[in-house]
Amino acid sequence: MLKPILLVEDNPHDLELTLIALEKSQLANEVVIARDGAEALDYLMCRAGHAARQVGNPTVVLLDLKLPKVDGLEVLKEIRSTPQLKSIPVVMLTSSKEEQDLLRSYELGVNAYVVKPVDFEQFVRAIADLGIFWAVLNEPPPGSYRYVKPH
């Protein structure tokens, strides 16, 4: 069974572009979408509208920095302070080039910080590379599932 990719993004345009890019990378992983930080935490902790979801962590969390309700840094902080979540790879996927955001993300334990390219083709390539790395190439923690691309 493949573990899903959790995409946390509130901007409809960026969400659509990211989904197109992930689709172009031909990953078979389901993409679960959370449109704010509170919904992301509810999904990860199997509560509220996600209480009945299948138990297990996503293969990676693609997390926007600037989110409504709970911002990306707070979501990251919560993930890293929760024992059953702290080993999930988290990639900050953001438009922010502010050094303070970058430093704070790494202080809180982000695995990668990717600034969204403005050019569509660059964006598609960056997202496809991210998806392939985290879902296919990265060696996940014990008990996780890996995606094997069909020939």
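Structure notes:
- Here the accessible area is traced with a 1.4 Å probe on the protein chains. For region 1-41, carbon and sulfur cover 50 percent of it.
- Other residues within the sphere of radius under 13 Å centred on the Cβ of ASP36, judged by their own Cβ, net out at -4 (K and R +1, D and E -1).
- Range of Cα positions in region 1-134 per principal axis (Å), largest first: 37, 36, 24
- Ligands, DNA and RNA aside, HIS50 has an accessible area near 40 Å² when probed at 1.4 Å.
- Phi-based couplings in Hz for region 97-102 (Karplus 6.51, -1.76, 1.60; Gly and Pro marked x): 9, 5, 4, 4, 5, 4
- Compactness of region 13-82 - radius of gyration and Dmax, Cα, Å: 12.6, 34
- Under the combined filter of DSSP loop state and at most 16 neighbouring Cβ atoms within 10 Å, region 1-89 retains these GluC sites (Glu not before Pro): GLU30.
The values are calculated or read from the model by the stated rules, or taken from the named source; none is laboratory data. Source: prediction; values computed, not measured. So basically every Cβ, Gly included, is an ideal-geometry build from the backbone, and we count neighbours across all protein chains shown. Surface areas here come from the heavy atoms of the whole protein model, side chains and all, with no ligands, DNA or RNA. Shrake-Rupley method; radii C 1.70, N 1.55, O 1.52, S 1.80 Å.
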